[in-house]
Structures are given as C-alpha cells and as structure tokens.
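The values are calculated or read from the model by the stated rules, or taken from the named source; none is laboratory data. Predicted model only: the values in this text are computed from it and were never measured. Methodologically, a virtual Cβ is constructed for each residue, glycine included, from the backbone with ideal geometry; neighbour enumeration extends over all protein chains shown.
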Amino acid sequence: MELMELTALELGTAIKKGRVSVKEAAQAALDRIAAQSSALNAFITVTGERALDRADKLQAGVKDAESPLYGVPMALKDNICTRGVRTTCASKILGEFTPPYSAAVVDKLAGAGAISLGKLNMDEFAMGSTSETSCFGPVKNPWDPERVPGGSSGGAAAAVAAGLGWYAVGSDTGGSIRQPAAFCGVTGIKPTYGTVSRYGLIAYASSFDQIGPICRDAADCAAVLDALQGKDPRDGTSLEGQYGRLLDRLTGDVRGLKIGLPADCYGDGLDPEVRAAVLAAADTLKSRGAQVTELPFPVMEYVVPAYYIIAAAQASSNLSRFDGVKYGRRADEYGGLDDLYRKTRTQGFGPEVKRRILLGTFVLSAGYYDAYYIKALQARAVIKSGFDRAFEQCDLLLTPTAPAAPPRLGTSLDNPLQMYLGDVYTVSVNLAGLPGLSMPCGFDSQGLPIGAQLIGPHFGEEMLLNAAHAFQLDTDFHRQRPKDSICRDAQRVPARLETLDHRPGAQCAPQREGGGPA
Amino acid sequence: MTWETVIGLETHVELATRTKIFCSCTTEFGSPPNTHCCPVCTGMPGALPVLNRRVLEFAVKAGLALNCSITRHSGFDRKNYFYPDLPKAYQISQLYLPIARNGRVDVRTQAGDKTIRIHELHMEEDAGKLAHDPATGLTRVDCNRCGVPLIEIVTQPDFRTAEEVTAYLEALKETLQYLGVSDCKMQEGSLRCDVNLSVRPAGSGELGTRTEMKNLGSFRAVARAIKYEAARQIQLIEGGGRVVQETRRWDEDRNASLPMRVKENAQDYRYFPEPDIPPIRLSEEYLDALRAAQPELAQAKRARYQREYGLPEYDCRMITSHRALARFFEALVELGVPPKQGANWIMGEVLGALSQRAMEPGDMKLTPPTLARLIALVGEGRLNRNTAVKVFEAVFDRDGDVDAYVRAHGLEQVNDDALVREACAEVLAVNPRSAADYRSGKEKAFGFLVGQVMRELKGRANPQRVNAILKELLMQ
Amino acid sequence: MNITPELVERIADLSRLELGQEEVLETAAQLEQIAACMDILNRLDTRGIQPMSHVFPVENVLREDTVLPSQDRAELLACAPASDGETFLVPRAVE
C-alpha cells in the first residue's frame, strides 16, 4: 500500500484498523518532506521531532479514537499561532516569534488527533496571490515549478498536492485557500465567516479572514471542517451553529439542486480553457440531476475595489502592532522611540505589505475616509444583497476560481493592480461572508490544473461539500497527482528570483528538523 | 476688559469591574509590572477582544444616572496611533456611536444652581504605564493597566469658574460611587480629568482658541490649573499675543501649565468601526431592568433622611458624602439604632477614625452590627459613652465581639450605687480641700472630684450616678 | 484622484514607514493607479445604503466578568526584543 496515495480519511481508517501505525504515517510524510519540500519551498518550519513524539502518544489511544482524522499527519499555514513553535507569517518582522499560546483551531485539531508536521510557507502576512512575497522565498507549483502555486496559502496547497502530509489548514481573506487550491489541483473550502474561530490567526483583514482546510477531496474537507468549526467564546465574531455533521451528511445526491452560473463571471478576461472546464463541470453536475441556470450578477465590477479598500484599511491597523516593542524583530540601530518604530517597520515588512499598509492608511485618513472606506462598506452591502438575490433563485453558484492558469514565477509582483484584479472571483465571497469551495475540474493544454468555485449561502457548507463530492464521484481530476520528478526538477529553478531580492542579504532562513523549542 | 472663562471637561473613570474590558485579566491595582497581562491586553498577534458584560452594564448605569439618552444601537471603533503604552497601536474606543449622549448634571455653588450638559459618555480601554528609568535612560512599559475599562464623560463647554468644575467633579464622583461603577480614587488614577479652556471677552458669543490640560492629580489641582491657565491666556491676549491650540501638562510642583512636546503635524487617528467586536443593541427590557435596579443616589437619600428621620441637612450631607457611609448608617437604623444617635457616631467617631487612618469608608472593617451593639450598650446604661469610645477604638480596625471585649476588660458600667457611694466617700476623705472648695462655691472643684471617682472606678461608673451621689454626700 | 508625493509622505509618516525619494514617486504612481480602479465605486449609487461593517446580524457578544489566570510574565517577556525581566524596554518616551 502506497501511503501517500491515500486520502486523509482513508489513512485515518487504516490507522484505526491497525494497518498503519501513526508513526509510520508521520515518518513517511517527513521522509517526503525531506526529499521534496526544499525544492517546492512549501514549509517554513518542519517540526519532525515533535511530530514523532506525538505519533507515539497518539498510537496509545488509537483504539478509543473517535475522530476519523485520528493520527493523520497534516500541516498549518504559518499565520496560525502554535505555542512553542515559531510562527512567522513569512515576515522578517516577526523574527523568531514563538507564541506563548496556540490558536483555537490548533487546540481543536489536537482534540481530533491531528499531528502537525510543521508550518507552511505563504505570502507575507497572507498578502498576495502567488506566495512569492514570503521572506523565505517563493513557493513553487508542484505541477510546474516555474509557476506560482497561488496564494496566499501557496505552501499549504503545494504540500497537499505534492503529498507532503494528508491535509493542510490555511486561511482565506480574499481567496487565499481557494485560488492556490485551484492552481495546485486540490480541494479547499473557505467556510462561512464566523464558523471557525479566528483566535490565534494573525490578522490580515479581520472582516474577511477565515481559516479552512485544503485537502485532496471534498470528503476530507468535510472531515477537517467538522474538526475546525465551532463557536468560540474568545472570538466575538464567532457564530452559534450546528457543527460537526458535514461528513455524516455527505451523500453525493444533487438531484434537484439548483446551480446558478452568474453571467458576469463568464465574460471578458476569462481564459477560454478555464471557461470550458468550468462549464463542463456544470454539465457533470447536471448529469447527476442538478438543475443549472444562468443568472445575472451585476455587481462584479465593484468587488475588487471594495475588497481591497476594506482589506487594506484593516490591515494597516492590524499590522500597526508590529512595532518592535512587545515581540518580533527590532531594528538593530535606531535613534529615539519614533526612529525605532520607523526603522523596525521599514526593515521588517516587505514591499507588498508596505504597499497595502500605505493604501489602507490612505483610505482611512482624514479627508478620504468617507470617499473610500465608507463607500466600500456601502458597496459591500450592495454586493451582499446581490448574493441574497442570487440565492433566491438558486442553491449554489458555480464560477471559475481564477480567471487563468497560474502565472510564471516573478511575473506578478511588478503589477500589483493586475494581481488584485485576478482575485475577482474569490473576493466577493469574503465580502459577503459566504462559504466558497474550489475543486479541481480539469487541466489546461499545458497540463496545469483548473479549479471551479462553488459558492453557497451562509452556513451552506453542507450543500457545497455535497455538490463537490458528487462531482468527484464522477471525475478523477482530484486524484491526479503531479509527478515526483517534477517536484525534484523544481530544485533547478532558482529559488530566489531577482525580482524578489528586494532585501539584499536579508532573506529569512527556513528551519528544518526539530522546529522551535520543544 | 472683562474676560469670561469657558471650560469643558473630559473625565476618564476606571470602572470597578473584576476583569479588564476585553479579556479576563484582573483589574487589581498595584501589582508587580506585567503580571496582569495576556495575549489580548498586550496585543499579541491573533488575539481578539470580547466585551465584558459588566462594562456595558456599568456604562449604561452611569449614562442613566447622568440623565443621558442611551444609544440603542452602539458600537466600538479603533483609534490608531503609535505609542508604547498602547500595545495594539490602536485603542478600542467609541467615536461614531457612543453608548450615551445628551445628559446633564445639576451642580450647586456659592453662586447658585447650574446645569452642566453632558455631550457624551463612551466606553474605551485604558493604556499601560510608562516609567522613565534614569539609570538606563530607557522607558519601562508596564501593561497591567492596558485594557482596564474606562468610561469617558465629555461635557459641553458649560463651566465658567473653577468652583463649578469642582462642584461638578464632586457630584460626578458621588454619583458614580453610589452606582458602584467606580471607586473614583483620583490618587490611584481611577478618576482623571482633562480641562479644555478658553477665554473670551465677557458677552461674546464666540469661543476663543482653547488649550487642553492634562495630568491633573486632584480636585485641588484642577481648580489651581484652571485659575492659572485662564490668567495665562488673558495675560497673553492682553499683551497682544495669541493663544495656540495645544495640549499642556499641569505641573503641580511648579504650579504652572507647560506645553507638551507633540509632533507638529496634526494627529490623524483614522478611526474606523472595530471589525472584531459585533455591534451592541440594547433592548427596552434591558434598559428597564437597569433603570429598576438603579440605587438611590445621594441627593435622594439626603432628602429622605431629612424627611423620614428628621436629621439636619448638615448631618445628611455628611452621612451621604460616601456611599459606604450611607449604607452603614442605613444598616444601623435597620438594626434599631435611633437615627440621630447613629448619625452622631458616624459623623464623630467613624469619620474621625477614618481620617486619622487616611482610610476610605469602603475599606472599613468595622461592621454595622458591632457599632449597633456598642450604641445599644450605652443606651442600656451598661457602658458609659467614654468607655464606649475606647471600645470603639479597640474594635474599629478589625471588628469583633463588643460584649466579649467589654467582659474581658471588665469595662461594664458600675451601676451599683453602693459601690459608687463607697468610692465617693473615699475620694472625699482623701481630698478634704477640694470638698471644702466646692462647698465654698468653687464649681471647678466638683469636676476634679468626679474625675477622681471615675478614676477610682476605672472609668466604668455611670457619670449621672456619680454626679448625683457626690452632690448628695457633699451636701451632707 | 491625484496622489501627490506630499500625500504619500504624509501617509508613510502615519504608517511609520520610511520611503526613499524614488519609492515615494513609485508609490504615488502605484497608488494613483489603484485609486483609479477604486474610483469605479463612484459609479455605484449608494445613497441611503447603510455601510456594512459586520456581515452578520450578530449583536451583544459579551463575556462574564470572571477573572482567569493571566499569562506567565516570563513567557510574555520572552517574546520581547528588549526587556529587563519585569517590563518591556523602549527608548525614552516620557517627558
């Protein structure tokens, strides 16, 4: 049995039945990480010793385990705080920050018997759509190492695609789970805002941030989401709900399900190959009994501006705490207090983060607040009611996840506006707080994966996962894996591209075996 | 030219909750630095605020007591600025929808009664404490106070004199203490106020340029600072100068206000609604319940004491000067102590003992049943008042069983006439001169003889009986 | 929307970020481009529309006023770039 071929649920079953030990699984993943990860640059910190120690402890409890994910090795995006393991947000400014607390989801996952293999690379502070803004260097796409894996959870999507662990937990502020999932040929879901605690997730845009799983298929996503969701008294935006039954309700029955195709998502700027693949997915669902209808969705042109105004504004405030006083890195040389702030922040943040801080400060500053921030909040209300109207006509929406195939490394950051516009299909979902899922729906002529996005109403996770599961019962796109040789080839692609070398001699060093202090 | 001073007040009051406004750390005062801190109040990455139920309740109670209209749909905003006492680099406050607005406070000064309008009352978090360390030249940051809940009460520019300001602060303090929402200890910084002051020619309808004064550590400092600043501005204008809008720091030692060094470019706090805290919507039921639970405030108590107990206004004012005293008084009355006697003991012994020890009434160990028992023993003639005062002193600091104390120290009043008569006879025998002096009309001598008898009986004698028997013997 | 170098300098100052002369010009050009895209929102008639700060009608999320243990001070200060074991240290910030 090739362990890495299994889904998380299949591995969980094998562990439960005693066919595989927890340690064997963890060791297999660690071996692959050792062989492949440096090429893909998917991990920032690998916590091998911790993982093996935990494997021993978990093995003892296998018989009594209730979680279907018990003993299954996974990894966390490095913006999720882990007590005793450094958490970097892929930023120089956090330095060797080792939180004295864990995120709520880390405790939940521990309760479900998860084993963490380490912390995954990402765009700095989750700001980016390519995973190139990391101070640890860019992540590479396992399907084509000359291309980006998407972002900001690029490390998470690349790791799952390349079999470096059975699932990953990322975060999605404007598409950061769905878009890399699409680019790497895996399945990822951004849950309804408020259903997964944000406590311990280093904030980018508080109104949009949401933690979610990236997995090999929809069933795994359901299982992980069951472990992640729940009301948390430490997160004031967390919602009451009926959680923990997504996996049980996964039937694959989509008869009578009304799927809407928002006409405005299939217009100009969409790659024809992507359009064809997504429409083919609609046909597949139709063949299983779903009803597919086109409907107008006339708010698309507003989503990117509204999203970037609100996200940048909140980011400028959320990132002000990185000032070199309480934690993280402080500039080596500075004059007085104000100079300490300026030098620390100027040296600690990368260009894309600075750009968004400046943009956010601008839209909140005196004289511009009403014209930009308030206007964007009003646009958000309009976009939300656009969705409300759409969901009066159908149960789910089907759109592309990204307008085109993953771009080549080093071609995106010079034109930030172009990069922002590439988020057009995903950001609307965050603006409205809705659940959104990306699933593999084909490959383009260059062999690169294409993702289709399903959008549901609030608390529509069950419908989303069920539709994706139905699709995956009839297709095998989600079972395709990149060839290991491609991953190894990745080593030949220079990890540090010239365009990224904006801080000479200032690259952060990825951490191997052992991780942070035990 | 005659000048008019125009003053508005911003008062920050720490709320007497057990925990901080957005996290479960204790608000206890005076602990070692950074021992009451957690990821939330030190602004660690990923930590999130959750509002303390009691903060909301206290803020609404204060708003109601200050006759404000309570905002049914309110919310929090972020005020962004960099400073080491502000770990998140933003303060969670209320700008757009403060919890209460448009209130008023009636104050009484020598010049008469006046209404001060409250512009708004909002909730916010306190900042940490900075201390300069001369040894290292560095500033030490203590985050214990970060996140302690505050309400800020902003008045309209309705004050014209320092007396009005002091009267307002007294009234505010009294009200908030009665509500139990704050202990208002200025020396511990749980009540702090900033003074916005400008001057204008008397009769002018326009406001002059104002300055804001901070670091006012006592009501006395507030009054002094107002007088100083008004004089400074008048002098400046009369000398052909111009008042600059600025923040000034009151220096109590120098008795002067000095400009604070702040950056020239105007502050831009970039307020926006706090996305981490959902809005607050208050139902009529919630407000009705709080209204019904509002305690009787000082003014109402004063009126009632006069009406129900026939106490003089002076007594009422003294007893209601602090909620703990009023409670104590009411408990005494409840225990059957005649109101005037209770009032006398509180105004005399209790206030005396407190001021001797520089103690707040709320911190008193003595309980009403103990004092009530003491007063009863005097009433029953089992203790004379002087001895009772000694017993009071003995039990004041730790409370205790008055009867046991009296028994243990043999202090019970000697009401046995035979014993008193014996002591009197003895004293007269030993002091024939004094006896003779009295008989020859020297009243003073009588006092001396009484004193001697009391001494003989270790102060326990019933003074009325001593007087009567001594007189009787001297007449013989 | 015209983004001048002066405006960029002001927002950089508020953000506590230092920009070189070239960076100021570059940022001004980029922000102007981004602001132009954002101005698309002006096409939207938002009269009478309530700004949506919170997407869900969740209200009154409150905690009980019950004390829980604070973080261990040594753990807290271990994260700090400069501390004396009791406090965080910064350059002189008090008058």
Flagged in the stretch B:12-32 as touching a residue at least 40 places away in the same chain (Cβ under 8 Å) and either crowded, with 22+ Cβ neighbours inside 10 Å or outside the structural domain of B:TYR168 (by TED's automatic domain parsing) (or both), in numbering order, are B:VAL13, B:GLU14, B:LEU15, B:LYS20, B:ILE21, B:PHE22, B:CYS23, B:CYS25, B:THR27
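Just give me the residues in the stretch B:126-138 being of a type outside the set (Gly, Ala, Ser), closer than 20 Å to B:GLY30 by Cβ and either surrounded by fewer than 22 Cβ atoms within 10 Å (Cβ to Cβ) or not assigned by TED's automatic domain parsing to the domain that holds B:THR27 (or both), in sequence order.
Answer for the stretch B:126-138, where residues must be of a type outside the set (Gly, Ala, Ser), closer than 20 Å to B:GLY30 by Cβ and either surrounded by fewer than 22 Cβ atoms within 10 Å (Cβ to Cβ) or not assigned by TED's automatic domain parsing to the domain that holds B:THR27 (or both): B:LYS129, B:LEU130, B:HIS132, B:ASP133.
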Of the conditions (1) under 26 Å from B:ARG54 (Cβ atoms); (2) surrounded by 13 or more Cβ atoms within 10 Å (Cβ to Cβ), the single one that B:ASP363 does not satisfy is (2)
Quick count over the stretch A:427-476, residues being over 29 Å from A:ILE310 (Cα atoms) and touching a His at 6+ places or on another chain (Cβ under 7 Å), is 2
Result of the Cβ filter at 6 Å on the stretch C:62-77, keeping first residues that are more than 7 Å from chain B (Cβ to nearest Cβ) and partners that are part of a loop (DSSP other than H, G, I, E, B) and surrounded by 15 or more Cβ atoms within 10 Å (Cβ to Cβ), at least 6 apart or interchain, is C:GLU75/A:PRO100
Restricting the stretch C:31-50 to residues that are in a loop (DSSP other than H, G, I, E, B) and facing another protein chain (nearest Cβ under 7 Å), the one surrounded by the fewest Cβ atoms within 10 Å (Cβ to Cβ) turns out to be C:GLN50
Taking the stretch A:285-308 and keeping only residues that are touching a strand residue (DSSP E or B) at 6+ places or on another chain (Cβ under 7 Å) and not β-branched (Val, Ile, Thr), one is left with A:LEU285, A:LYS286, A:ALA290, A:GLN291, A:GLU294, A:LEU295, A:PHE297
Out of curiosity, is C:LEU62 closer than 18 Å to A:ARG342 by Cα and modelled with pLDDT of 95 or more? no
Conditions (1) in a helix (DSSP H, G or I); (2) at the interface with chain C (Cβ under 10 Å from one of its Cβ atoms) -> A:GLY367 fails only (1)
### Query
If you check A:GLY328 against the conditions, is it closer than 22 Å to A:GLY128 by Cα and in a loop (DSSP other than H, G, I, E, B)?
yes
Of the residues in the stretch A:231-262, those that are free of Cβ contacts under 8 Å to residues at least 40 places away in the same chain, within 14 Å of another protein chain (Cβ to nearest Cβ) and basic (Lys, Arg) number 1
Taking the stretch B:375-389 and keeping residues within 31 Å of the chain's Cα centre (by Cα) and surrounded by fewer than 16 Cβ atoms within 10 Å (Cβ to Cβ) leaves B:ARG385, B:ASN386
Counting only residues in the stretch B:139-182 that are among the hydroxyl-bearing types (Ser, Thr, Tyr) and part of a helix (DSSP H, G or I), the one surrounded by the fewest Cβ atoms within 10 Å (Cβ to Cβ) is identified as B:THR166
Practice prompt. Report yes if some residue within the stretch B:217-240 is on the phi < 0 side of the Ramachandran plot, within 14 Å of chain A (Cβ to nearest Cβ), in contact with an Asp or Glu (Cβ under 9 Å, 6 or more places away or on another chain) and aliphatic (A, V, I, L, M); otherwise report no.
Written response: no
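Step by step: first the residues of the stretch A:66-103, then only those that are farther than 28 Å from A:ASP226 by Cβ, part of a loop (DSSP other than H, G, I, E, B) and modelled with pLDDT of 95 or more, then the one that is nearest to the other protein chains (Cβ to nearest Cβ). Which residue is that?
Going residue by residue through the stretch A:66-103, those that are farther than 28 Å from A:ASP226 by Cβ are A:86, A:88, A:90-98, A:100.
Remaining after also requiring part of a loop (DSSP other than H, G, I, E, B): A:86, A:88, A:90-91, A:95-98, A:100.
Narrowing the set further to residues that are modelled with pLDDT of 95 or more leaves A:86, A:88, A:90-91, A:97-98, A:100.
Values: A:ARG86: 11, A:THR88: 10, A:ALA90: 13, A:SER91: 10, A:PHE97: 6, A:THR98: 7, A:PRO100: 4 Å.
My answer is A:PRO100.
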Residue set A:GLY324, A:GLY289, A:GLY336, A:GLY348; condition within 17 Å of A:ALA126 (Cβ to Cβ) and not hydrophobic (A, V, I, L, M, F, W, C); output residue A:GLY348
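Can you name the residue in the stretch B:412-441 that is aliphatic (A, V, I, L, M) and within 12 Å of B:MET454 (Cα to Cα) and, of all such residues, is surrounded by the most Cβ atoms within 10 Å (Cβ to Cβ)? Step through it out loud before you land on a result.
Step one: of the stretch B:412-441, the residues aliphatic (A, V, I, L, M) are B:414, B:418-420, B:423, B:425, B:427-430, B:435-436.
Those left that are additionally within 12 Å of B:MET454 (Cα to Cα): B:414, B:419-420, B:423, B:427.
On the way: B:VAL414: 20, B:LEU419: 15, B:VAL420: 21, B:ALA423: 21, B:VAL427: 23.
If we take residues in the stretch B:412-441 being aliphatic (A, V, I, L, M) and within 12 Å of B:MET454 (Cα to Cα), then B:VAL427 is surrounded by the most Cβ atoms within 10 Å (Cβ to Cβ).
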For C:SER53, indicate whether it is of a type in the set (S, T, N, Q), within 25 Å of A:PRO298 (Cα to Cα) and either more than 10 Å from chain A (Cβ to nearest Cβ) or surrounded by 18 or more Cβ atoms within 10 Å (Cβ to Cβ) (or both). yes
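Is it the case that the stretch B:1-19 has a residue that's part of a loop (DSSP other than H, G, I, E, B), under 23 Å from B:ALA131 (Cβ atoms) and polar (S, T, N, Q)?
No: the stretch B:1-19 contains no residue that is part of a loop (DSSP other than H, G, I, E, B), under 23 Å from B:ALA131 (Cβ atoms) and polar (S, T, N, Q).
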Filtering helices (runs of 4 or more DSSP H) wholly in the stretch A:398-484 for at least 2 residues that are closer than 28 Å to A:GLY137 by Cα gives A:416-421, A:424-431
The residue that is nearest to the other protein chains (Cβ to nearest Cβ), considering only those in the stretch A:266-287 that are of a type outside the set (A, V, I, L, M) and closer than 17 Å to A:MET439 by Cα, is A:ARG275
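Okay, residues lined up against (1) assigned by TED's automatic domain parsing to the domain that holds B:GLU174; (2) touching a residue at least 12 places away in the same chain (Cβ under 8 Å); (3) touching a helix residue (DSSP H, G or I) at 6+ places or on another chain (Cβ under 9 Å):
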residue: B:LEU351; (1), (2), (3): no, yes, yes
residue: B:MET359; (1), (2), (3): no, no, yes
residue: B:THR367; (1), (2), (3): no, yes, yes
residue: B:GLU393; (1), (2), (3): no, yes, yes
residue: B:PHE396; (1), (2), (3): no, yes, yes
residue: B:ALA404; (1), (2), (3): no, no, no
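One line per residue, one yes/no per condition, for (1) closer than 24 Å to A:SER21 by Cβ; (2) in a loop (DSSP other than H, G, I, E, B); (3) without any contact (Cβ under 8 Å) to a residue 60 or more places away in the chain:
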{"residue": "A:ASP56", "(1), (2), (3)": "yes, no, yes"}
{"residue": "A:ALA110", "(1), (2), (3)": "yes, no, yes"}
{"residue": "A:GLY113", "(1), (2), (3)": "yes, yes, yes"}
{"residue": "A:PHE125", "(1), (2), (3)": "no, no, no"}
{"residue": "A:SER129", "(1), (2), (3)": "no, yes, no"}
{"residue": "A:THR133", "(1), (2), (3)": "no, yes, no"}
Checked the stretch A:298-323 for anything in a loop (DSSP other than H, G, I, E, B), surrounded by fewer than 24 Cβ atoms within 10 Å (Cβ to Cβ) and within 7 Å of another protein chain (Cβ to nearest Cβ); matches are none
The residue from B:ARG108, B:ARG78, B:ARG101 that alone is part of a strand (DSSP E or B), loosely packed, with under 15 Cβ neighbours inside 10 Å and either touching a residue at least 24 places away in the same chain (Cβ under 8 Å) or basic (Lys, Arg) (or both) is B:ARG108
